[in-house]
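Peer 1: Shown below is the structure under consideration.
Throughout, read-outs are computed from the coordinates displayed, never taken from laboratory work. None of these values were measured; they are calculated from a predicted model. Glycine gets a Cβ as well: all are built from the backbone with ideal geometry, and neighbour counts include every protein chain shown.
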Amino acid sequence: MEERNMQLDDDGKIKMRKNREDFLDHPEKEDDEEIVIDVPDFAGFREEDDNVGLSGDELSAKNQLYEQYVAEKKAQAEKIFEQAEALFAAGELESAGEKYLDSVAVHGGNWKAWFGVVRVQTKDMTDFSGIYDCQNAYNRALKRAGKAGKEELAATYDARLKQKIAENAEEAETLEEADAAYRASKRDGLSAALEASKKPFYLSLVCFAVALVAGIVLTCLINTVSGVQILIPAMILDAAAAVALVVSLVFFRNFHFARLAYKKNESSLSTEEGRAAAELRSENELIQSIIDDFHA
């Protein structure tokens, strides 16, 4: 037991005593003139927080151990990263990607290892079809790179990416011209087909409407006249309206498909050239956003 006495002005004493684990089982006798304060045993708190109750030297030693552990992890991750770089330089992209991931698994603070994953997926920023598969690695790399790292990326890739944008724009323009020329060559024929499909559709629709109205009117007058003078014409008109409806539906189908073909011709995405040009334009927007990230 550890005890400390504090003298007061009177004859009484305050005794400070550190608890033992079994102090409840073996209470100690105290003098009437003594006031005892039990001080908690800080070692009991260390079970919940290893730093509580540690002395300055103990905390310093513990911090040194942690720093040593971090330094070892960094060195191990750096060694793996160098292996990944060698594999990447040799063109073994799949093995390099695995090594980059191993490196960040050991220590995730190296932004170059995170960006190595991006380099593998994009074939060193030349093929952006797989860029969204490594979005997480890309974001982590930029977050850890800082200003100096981004400047390094910009110095390495700016010229290459801008050249890629220029090449894509030139190719997209060529494809767009081919797309426009092809659609223009088809437009007159599609317009003529649309106009040709309108007339029979509108005529059949008018015939259906006339026969339907006349049939309804005669049907309402059947009971006003004896005999079949009105019944037979009403039946004929009703049958004519039904036939006109079927014919109208056929002509409407022709008109509908002719109109769809004409509308499709107005879209640049209706041809392979137009779709390819749109993909190149979209890729250019993506590349420009990457350049902007390097300079953010």
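Peer 1: Any idea which residue in region 80-95 is surrounded by the most Cβ atoms within 10 Å (Cβ to Cβ), counting only those that are small (Gly, Ala, Ser) and farther than 7 Å from residue 116 by Cβ? If you could, list the steps in order and put the result at the bottom.
Peer 2: Going residue by residue through region 80-95, those that are small (Gly, Ala, Ser) are 84, 86, 89-91, 95.
Those still in the list that are farther than 7 Å from residue 116 by Cβ too: 86, 89-91, 95.
Working: 86: 13, 89: 9, 90: 10, 91: 8, 95: 16.
Ranking the candidates gives 95 first.
Peer 1: What's the total number of residues in region 117-156 that are on the phi > 0 side of the Ramachandran plot and surrounded by fewer than 17 Cβ atoms within 10 Å (Cβ to Cβ)?
Peer 2: Residues flagged as on the phi > 0 side of the Ramachandran plot and surrounded by fewer than 17 Cβ atoms within 10 Å (Cβ to Cβ) within region 117-156 amount to 3.
Peer 1: In region 108-158, which residues are closer than 20 Å to residue 84 by Cβ and outside any helix (DSSP H, G or I)?
Peer 2: Matches in region 108-158: 108, 109, 110, 122, 123, 124, 125, 126, 127, 130.
Peer 1: Condition first: surrounded by 17 or more Cβ atoms within 10 Å (Cβ to Cβ) and basic (Lys, Arg). Now tell me which residues in region 160-189 satisfy that.
Peer 2: If the condition is that a residue be surrounded by 17 or more Cβ atoms within 10 Å (Cβ to Cβ) and basic (Lys, Arg), then 164, 183 are the ones that fit.
Peer 1: So, one more: Can you give me the number of residues within region 251-280 that are exposed (fewer than 13 other Cβ atoms within 10 Å of the Cβ) and in contact (Cβ under 8 Å) with a residue 24 or more places away in the chain?
Peer 2: Step one: filter region 251-280 for residues exposed (fewer than 13 other Cβ atoms within 10 Å of the Cβ), giving 253, 256, 260, 263, 266-267, 269, 272.
Still in the running and in contact (Cβ under 8 Å) with a residue 24 or more places away in the chain: 266.
Within region 251-280, residues that are exposed (fewer than 13 other Cβ atoms within 10 Å of the Cβ) and in contact (Cβ under 8 Å) with a residue 24 or more places away in the chain number 1.
Table: residues versus (1) under 27 Å from residue 278 (Cα atoms); (2) touching a helix residue (DSSP H, G or I) at 6+ places or on another chain (Cβ under 9 Å); (3) not small (Gly, Ala, Ser).
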| residue | (1), (2), (3) |
| --- | --- |
| 121 | yes, yes, yes |
| 126 | yes, yes, yes |
| 142 | no, yes, yes |
| 149 | no, yes, no |
| 152 | no, yes, yes |
| 158 | yes, yes, yes |
| 163 | yes, no, yes |
